[in-house]
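First comes the structure, then the notes that go with it.
Each reported figure results from applying straightforward, stated rules to the coordinates on display, with no laboratory input. Computed from a predicted structure; not experimentally measured. Here the Cβ positions follow ideal geometry from the backbone for every residue, glycine too, while neighbour counts run over all protein chains shown.
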Amino acid sequence: MLRQSQYPNSAKPWLAKLGLAALLLSAAGNASAHNSSSAGSHAGIPIPEISHGEMAVIAGYRNRIINLASQATDTNEPFRRVLNYAQIQYSYCFWGRMPGSVADERSPFNECAHAYLAAAKAVLIAMRAMPQEAGAASAIIADADAEMVRRGLSLITCRFSGEAFNTADIVRPRWSEIPMHAASMAVLSSLVGILFGVYFAAKRLLGRQSSV
């Protein structure tokens with residue numbers, strides 16, 4: 001028989017939130033200790049740049065692209081490395097959850113959004129040459145192209161539009177710019193507040209249990 005948790009059911013949601021908040025802040029702390037620039041050894045696989053207009057559209061197809069790529073069987077090492085980079089870079093960019101990370105070039109998360117979306121685009125284009133994935137990949141490309149034309153995004157650029165990337169270099173958020181970006185600052189401040197609130201609530205619940 002499995003041993004039941006020593007915590008009451010009412011405490012579990014709070015503890016889950018505490019763990020999630022701690023994980024996010026830990027990722028932020030680890031990333032801030034490194035250089036946020038994509039400049040590095042470039043010993044990995046180069047990834048072509050993506051324009052601001054392209055990323056606005058590719059962001060909406062990212063999940064379809066990654067799901068299709070993850071199920072592909074006729075792959076090679078470069079493809080898998082770019083796919084892995086796209087997923088790692090996505091987590092470094094807080095899973096695309098920061099407000100304005102894609103649309104606002106002033107966002108401290110815009111450059112890292114360029115990186116994971118450029119990788120997603122590279123993966124998508126590579127799948128056009130794969131026998132089993134070519135049809136689905138071509139359909140996504142056709143939909144994305146049509147949406148870009150409809151929204152008039154093909155010529156829109158930003159300060160990161162000409163930046164190429166490399167699987168050897170993780171692009172981290174520009175942490176020093178967060179205080180100047182109101183939306184990002186508000187989200188991270190709320191996250192810190194949630195972390196402290198959940199911590200003290202969990203501490204109170206555990207204290208009550210120990211006194212019983």
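Data overview
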{"item": "Segment 43-78 and segment 161-184: distance between their alpha carbon centers, rounded to Å", "result": "18 Å"}
{"item": "Förster radius 30 Å - calculated FRET efficiency between Asp74 and Arg97, Cβ distance, rounded to 0.05", "result": "0.35"}
{"item": "Segment 37-173 - charge dipole about Cα centre, Lys and Arg +1 at Cβ, Asp and Glu -1, debye rounded to 20", "result": "220 debye"}
{"item": "At R0 = 30 Å, FRET efficiency that the Cβ-Cβ distance of Arg81 and Leu153 yields, to 0.05", "result": "0.55"}
{"item": "Whole-Hz couplings from phi, Karplus 6.51/-1.76/1.60, listed for segment 157-173; x for Gly and Pro", "result": "10, 8, 5, 9, 5, x, 8, 8, 10, 8, 5, 7, 10, 7, 8, 9, x"}
